[in-house]
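Written below as C-alpha cells is the structure these notes are about.
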Amino acid sequence: MSLDTKHFEHSLVIESRALLAKIKLTTCPIWRFHYLGAISGYCELVIKLKSHISESVYQQLIDVEDQALAEISHGATYAQH
C-alpha cells in the first residue's frame with residue numbers, strides 16, 4: 001500500500017468522524033442530514049474502491065455511518081417528544 005493510499009484512507013476516516021461530531025453538535029435537521037449524506041458518500045466511495053482500501057478503514061467508515069444514522073434517529077425521536 002502506497003503512502004498516498006494510507007493518507008487517503010486516514011483522511012476519509014478523520015473527515016467522517018468530524019462529520020459525525022458535527023451531527024452530534026448540530027440541532028438543525030437539514031444540516032444533520034447534509035452531514036449524514038456526506039458520510040454516506042464516503043462509504044459509497046469506499047465500496048467502489050474496496051479492492052484498494054484496507055478492510056479496517058472500510059469497517060471504520062461503516063461504523064461511523066451506523067453511529068450517524070443512530071444519532072439522527074435518536075434526534076428525530078427526541079424531537080417528537
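The values are calculated or read from the model by the stated rules, or taken from the named source; none is laboratory data. Not measured: the values here are computed from a predicted model. Methodologically, a virtual Cβ is constructed for each residue, glycine included, from the backbone with ideal geometry; neighbour enumeration extends over all protein chains shown.
What to note about this one:
- Within segment 4-17, residues that are modelled with pLDDT of 90 or more reach partners that are small (Gly, Ala, Ser) with beta carbons closer than 9 Å, at six or more positions or on different chains, in the pairs Glu15/Ala38; Ser16/Ala38; Ser16/Ala68.
- Segment 47-58, subset free of Cβ contacts under 8 Å to residues at least 40 places away in the same chain and more than 11 Å from the chain's Cα centre (by Cα), residue farthest from Leu19 (Cα to Cα): Ser51
- Filtering segment 13-71 to residues that are surrounded by fewer than 19 Cβ atoms within 10 Å (Cβ to Cβ) and assigned to a loop (DSSP other than H, G, I, E, B) leaves Thr26, Thr27, Cys28, Leu49, Ser54.
- Verdict on Lys22 being over 19 Å from Gln59 (Cβ atoms) and free of Cβ contacts under 8 Å to residues at least 40 places away in the same chain: yes
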